[in-house]
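Before any comments, here is the structure.
Quick note: the coordinates plus some simple rules give every number you see, no bench work behind them. The model shown is predicted, which means the values in this text are computed figures rather than measured ones. Glycine gets a Cβ as well: all are built from the backbone with ideal geometry, and neighbour counts include every protein chain shown.
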Amino acid sequence: MSILVNNNTKLIVQGITGRDGQFHAGRMSAYGTRVVGGTSPGKGGENIHGIPVFDSVEEAVQATGANASVIFVPAAYAADAILEASYAGIELVVAISEGVPVQDMIRVTPVLKQNGTKLIGPNCPGLITPGESLIGILPGMIFKKGNIGLMSRSGTLTYEVVNMLSKNDLGQSTVIGIGGDPIAGLYYLELLEMYENDPETEAIVLIGEIGGDAEEQAAAYISRHVSKPVVAFIAGQTAPPGKRMGHAGAIISSGSGTAEEKIKAFGKANVPVAKEPSEIPRLLKEKLKKTHI
Amino acid sequence: MKIHEYQAREIFKRYGLSVPGHILCHTVDEVKEAMKNIDHLVVIKAQVLAGGRGKAGGVKLAKTKEAAVQAAEQILGMDIKGYTVEKVIVADAVDIEHEYYVGLVNDRNTKTVTLMVSAEGGVEIEEVAKNSPEKIHKISIDPQTGLLDFQARNIGMKLFGNIKLARQAAKIFRKLYQIYIETDSTLAEINPLVLTPSKELLAIDGKMNFDDNALFRHPEILALREVDEDEQKEIDAREKGLSYIRLNGNIGCMVNGAGLAMATMDMIKLYGGSPANFLDIGGSSNPRKVVDAMDILLSDKNVRAVMINIFGGITRGDDVARGLKEALKTIQTNIPIVVRLSGTNADEGLALLKETGLTTVSTMSEAAQKAIELSRQENQY
């Protein structure tokens, strides 16, 4: 098991002829992901690292039976690429593109719902089920197969934590970067439900940051619906209000979205919050010990 | 991106919303000149990119020409939340029967644009939301249909309980939604929307924020941008592929990735120090970026030590090390630098840096503690 991606995931890369698309298509293939095709309008018939290129997602799906896509196109065209994948019947779309206008994502959302498409991102590093499938720009070598589910709004902070987990013999079931934008695809609540139902996941790590109230909602959801141990970390305790901390979604506006409120909410839900990333493995081990007695 | 009230008023007018007249003035003389042709009540309003202008004394009603000039003398040059008032508007005052709040925002939870209205206008809506949330009426707008007439009318009925006014208000709500969508706003407020004794609805204050990610398709909005010194630095950094925010501490941070950069700042605070900035150098390992990043960091004269925290994923540790070596060749500084590298090719990177005499460590907590220690050493210059 695991969630969202596994050995059966057949991936196409939208924007495969661009610099990033080309580079990461090669890396994903080398990791073992079944990269079955790529798209780039006007470049159908070519190939990149032996991966066939198609003019449209529809053609790529017909020819390869792809069920997932990853998007590397420039931000201004990302919404179109997401919708193209959705209308072509792709089940899981992962948008790496950074800087997508918020209104574009608002317009995309109801169409995805209507077509039953799952979206991760945009502005995210992707996701991985270690040893099976890597989608996106994650550095594959730091991950280790195991039973910790991890979801995060950040990229390198996730790698930092994963690296420590792997070194402490805490392998991962599926690790997901949900992205740093204010309006994105699958988020904590949907993923908590998936992890809770996944027999391979024994414990969950949630890495949040300032901005919005998704962490508070996740905390409330955990107290009601999640039986597995959860450990959290919140970045941005020293962030000043009103300033966007790199991620479009990481902003304290009108006094709400602070780290303090989020940490308090997790405290209420009996979810330990690590003071620094290196505390996460220890907190997880403590939590796991308790549930195993 | 934020704009001034007068700029929001001008956008509103262009779209046909009813807004009382105003004249923009930069000096007391300009206010005197403006008042020559005015013989009614006016309000002198500070134009700064900060809220709470009224409370700070930046908004004054003037009954006479002399009072208007006097108000302008007081307001121009005043400091409001760190912003110096460099311009005011002389706005036509109107008779007020009641003040309402109308606002549009992007709601992260419903993933829609949400219209909020309240009969508690003229005050900060956050306070209403905190103290009496039942006084705010909300509706999530389906992006496929936009704000429908009946929805706008129904929410208008909740405010006015009177179909004639509800119809008038519905037009305003739908117009504001059109402005919001067509300009890629992230906030559009009319606060207050005023009901006059003659039952007219007027927008007497406006606030708009725009999506930075969408400015590429709105050159007309981008042209309204006004930035202070710190913001100019942030914009210059962005053009170099860096994300920089200045803070008040003395430990400069250079990190790859926004989340890790925030966690690094937090770590410095956790160990008793104070971060000088947020600085994300992004995913590339281009040495040029490291050079640019060092330039920006060291331009802040408060910086007493620098902590570089890189997780080498796709950005390889040895590339970062090469970039640092190159940067240090061009920048002469006595400020101590602590480098922490981990992940891909970290050992190779650390070995390269050893030769340069930089302090190298392998964990984030060590790096933070070391940087704090070095920042406290005296006589380093």
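Annotations for the structure displayed:
- Think of region B:1-153 as having a plus end and a minus end, set by charges on the Cβ of Lys, Arg, Asp and Glu; of B:84, B:141, B:22, B:141 sits farthest toward the positive end of this dipole.
- Of all segments of chain B bounded by GluC sites (Glu not before Pro) found in a DSSP loop with no more than 10 other C-beta atoms within 10 Å, the longest spans B:1-354.
- Coarse-grained scattering of chain A at q = 0.09, 0.10 Å⁻¹, given as base-10 log I(q)/I(0) from a Debye sum over alpha-carbon atoms: -0.41, -0.51
- The long axis of helix A:214-225 is offset from the longest Cα principal axis of chain A by roughly 70 degrees.
- Summing +1 for each Lys or Arg and -1 for each Asp or Glu among the other residues whose beta-carbon sits under 12 angstrom from that of residue B:39 gives +2.
- Our helix-only sum for chain B, with -39,500 (n - 2.57) per DSSP H run of n ≥ 4 divided by its residues, gives a mean residue ellipticity at 222 nm of -11500 deg cm²/dmol.
- Computed from label points 7 Å out along Cα-Cβ, the spacing between residue A:256 and residue B:33 is 4.4 nm.
- In region B:316-381, the trypsin sites (Lys or Arg not before Pro) that fall in loop regions by DSSP, at most 13 other Cβ within 10 Å: B:376
- Mean Cβ neighbour count within 10 Å, used as a protection proxy, ranking A:63-73, A:2-12 highest first: A:63-73, A:2-12
- Ellipsoid semi-axes in whole angstrom, largest first, where each is sqrt(5λ) of the Cα gyration tensor of region B:43-127: 29, 17, 9
- Remark: spin-label model distance residue A:63-residue B:216 equals 2.7 nm, labels positioned 7 Å along the Cα→Cβ axis.
- Within the listed set A:146, A:249, A:116, the residue fluctuating most in the Gaussian network model of chain A (springs between alpha-carbon atoms under 10 angstrom) is A:116.
- Net charge, residue A:265 excluded, C-beta distance under 9 Å - Lys, Arg +1, Asp, Glu -1: -1
- Distance between modelled label sites at residue B:178 and residue B:61, nm, 7 Å Cα→Cβ extension: 3.3 nm
- Within the shell defined by Cβ-Cβ distances under 12 Å, the residues around residue B:135 carry a net charge of 0, with Lys and Arg each +1 and Asp and Glu each -1.
- Long pairs among B:2/B:55; A:43/B:233; A:145/B:370, criterion Cα-Cα beyond 31 Å: A:43/B:233; A:145/B:370
- Paramagnetic reach from residue B:149 (point 7 Å along Cα→Cβ, amide N under 14 Å) across region B:160-183: B:167-172, B:174-175
- Per-pair calculated FRET efficiency, R0 = 41 Å: residue B:50 and residue B:365 via Cβ, rounded to 0.05: 0.65
- Restraint check, B:240/B:325; B:130/B:207; B:301/B:325; B:81/B:171, Cα-Cα greater than 24 Å: B:81/B:171
- Of all aspartates and glutamates in the structure, those lying under 20 Å Cα to Cα from residue A:264, and not within fewer than 8 positions of it along the same chain, are A:209, A:213, A:215, A:216, A:276, A:279, B:266.
- Fluctuation leader among B:47, B:144, B:232 - chain B, Gaussian network, Cα springs under 10 angstrom: B:144
- Charges were assigned to the Cβ only: +1 to each Lys and Arg, -1 to each Asp and Glu. The resulting dipole of the protein assembly as shown about its Cα centre is roughly 760 debye.
- Trypsin sites (Lys or Arg not before Pro) restricted to DSSP loop in region B:209-264 with at most 15 other C-beta within 10 Å: B:225
- Proximal lysines to residue B:164, defined as alpha-carbon separation beneath 24 angstrom and excluding residues fewer than eight positions away on the same chain: B:13, B:135, B:138, B:175, B:199
- Cβ crowding within 10 Å, taken as a proxy for footprinting-reagent exposure, orders B:253, B:25 from fewest neighbours to most as B:25, B:253.
- Mean per-residue shielding of peptide A:232-244 is 6, counting Cβ atoms of other chains within 10 Å of each Cβ.
- Per-pair calculated FRET efficiency, R0 = 51 Å: residue A:46 and residue B:167 via Cβ, rounded to 0.05: 0.30
- Rounded FRET efficiency, nearest 0.05, which uses the C-beta distance separating residue B:110 from residue B:131 and R0 of 30 Å: 0.85
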